[in-house]
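The values are calculated or read from the model by the stated rules, or taken from the named source; none is laboratory data. Treat the numbers as computed from the prediction; the structure is a model and nothing was measured. Quick reminder, even Gly has a Cβ in these numbers, built from the backbone with ideal geometry, and neighbours come from all protein chains shown. Just so you know, the surface numbers come from the protein's heavy atoms only, side chains and all, with ligands and any DNA or RNA stripped out. Shrake-Rupley method; radii C 1.70, N 1.55, O 1.52, S 1.80 Å.
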Amino acid sequence: MEYKIYIFNNDKLQDIDFDFLGLQNILASYNADISVFTLQKFDKSLVSEIIKEGGNLILFFRNQDIDDVICDNIKILGNNKHIIDDQIALFNNDDKKIVFVPYDLNWKVLLGKINFNPKRGNKTCTFKLFSVSKKRVEEILSGLKNEIDSLEYSVLSRRLLVDVYISYNGTDDLIDDNQVKIATAFRDFIYSENSLGLSRSIRQIVNLKGIKLAICEGITGGSILKEICSNICIKELLAEGRVEYLKGDITADEVYKQTLTLFDDKDNQDIFAINVQGKFEEDGITCIYAMGNKNSIDVYKNTFKVRKEEAVEYAVEAILFNIVKKLRQNNLSF
């Protein structure tokens with residue numbers, strides 16, 4: 001499928017903060033067929049002309065400009081609109097795709113999703129998986145295709161996370177037999193059956209439970225706080241957030257004791273505490289971290305033997321996954 005890519009900038013063209021090389025590398029890795037790749041000064045009339053010309057388009061804008069452009073051109077774009085991860089607006093019209101993307105999107109997420117092209121009328125579903133290799137996922141999907149002839153899929157992996165986008169010719173039931181087969185095949189790895197990632201899942205659960213987070217970070221240096229609280233009002237979610245390195249030996253007992261301090265002076269609040277400590281090794285990172293409420297605190301230890309520059313990212317993904325698991329537990333007392 002051939003695409004035209006336009007990057008629209010409101011400032012001077014030479015001042016744009018955009019990872020052109022990163023985008024080009026990802027396009028190349030997916031063997032994307034690109035006929036136009038250009039940077040343009042943002043102008044609504046020019047954007048409308050490009051959309052009218054037709055073809056498959058990937059259009060990059062500042063986030064605040066996307067809604068205005070869509071509203072101005074809605075008659076051409078039509079009503080077949082899909083929102084992906086609260087960031088991408090995708091229009092399918094007469095077998096053509098027009099994709100609206102904010103500057104700060106992860107290129108791999110973008111390309112993994114727009115290359116997934118289910119047949120019109122097929123049912124679609126999304127599964128987000130943790131701690132399973134892309135190879136293993138594709139083996140499972142290959143086996144499922146023997147049972148579901150119409151199955152089509154796209155797999156996107158990054159570190160510990162795998163996103164699976166599936167379409168098939170299913171029934172009109174809310175949940176049909178094929179979807180049950182697919183979910184059962186991935187049951188040991190699923191953390192989400194919609195477009196919600198780990199951070200958004202955490203925010204959703206925290207809001208539903210009416211609790212607040214108290215976070216202390218050492219080895220991750222504020223990365224957990226940044227992931228969870230990105231693009232929202234921190235006061236709505238956070239009772240406390242600090243970077244504090246545990247002194248001396250980093251043991252499970254010491255991490256547990258430090259976690260208890262996150263409940264201090266918060267008697268009137270329902271707190272979920274998170275404390276992340278650890279140390280860098282020659283060949284990776286070891287994290288000891290604790291989380292929970294006053295009645296139930298669990299302590300975890302993970303070691304990742306990866307390149308140092310990737311170590312924190314691996315740790316953050318594992319910690320966020322365990323936060324989701326812990327938050328989903330029902331704390332019942334009789």
* Quote the FRET efficiency, to the nearest 0.05, computed for residue 147 versus residue 2 with a Förster distance R0 of 45 Å and r equal to the Cβ-Cβ distance. => 0.85
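Ignoring ligands, DNA and RNA, what percent of the accessible area of region 271-334 is carbon or sulfur (1.4 Å)? Present the calculation step by step, with values, prior to reporting the outcome.
Working: 1520 of 3330 Å².
With neighbouring chains kept in place, the figure for region 271-334 is 46 percent.
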* Mind giving me the FRET efficiency for residue 37 and residue 72? R0 is 30 Å, r the Cβ-Cβ distance, nearest 0.05 is fine. => 0.80
* When the chain is fully extended, how far beyond the present Cα-Cα distance does residue 187 get from residue 244, taking 0.36 nm per residue of separation? -> 16.8 nm
* Could you tell me whether region 178-334 comes out rounded, prolate or oblate from its Cα gyration tensor? Rule is a ≥ b ≥ c as square roots of the eigenvalues, rounded for a/c under 1.5, then prolate if a/b exceeds b/c, otherwise oblate. => oblate
* When the Karplus curve 6.51 cos²θ - 1.76 cosθ + 1.60 is applied with θ = phi - 60°, which whole-Hz ³J(HN,Hα) does each residue of region 135-144 get, with x for Gly and Pro? -> 4, 5, 4, 5, 5, 5, 5, 4, x, 5
* Asked: Say R0 is 22 Å: what FRET efficiency, to the nearest 0.05, do residue 80 and residue 122 get from their beta-carbon distance?
  -> 0.95
* Write down, largest first, the equivalent ellipsoid semi-axes of region 137-270 in whole Å, where each equals the square root of 5 times an eigenvalue of the alpha-carbon gyration tensor. => 40, 18, 13
* Sketch the reach of a paramagnetic label on residue 302 as a point 7 Å from Cα along Cα-to-Cβ, and name the residues of region 261-291 whose backbone nitrogen lies under 14 Å away. => 275-279, 285-291
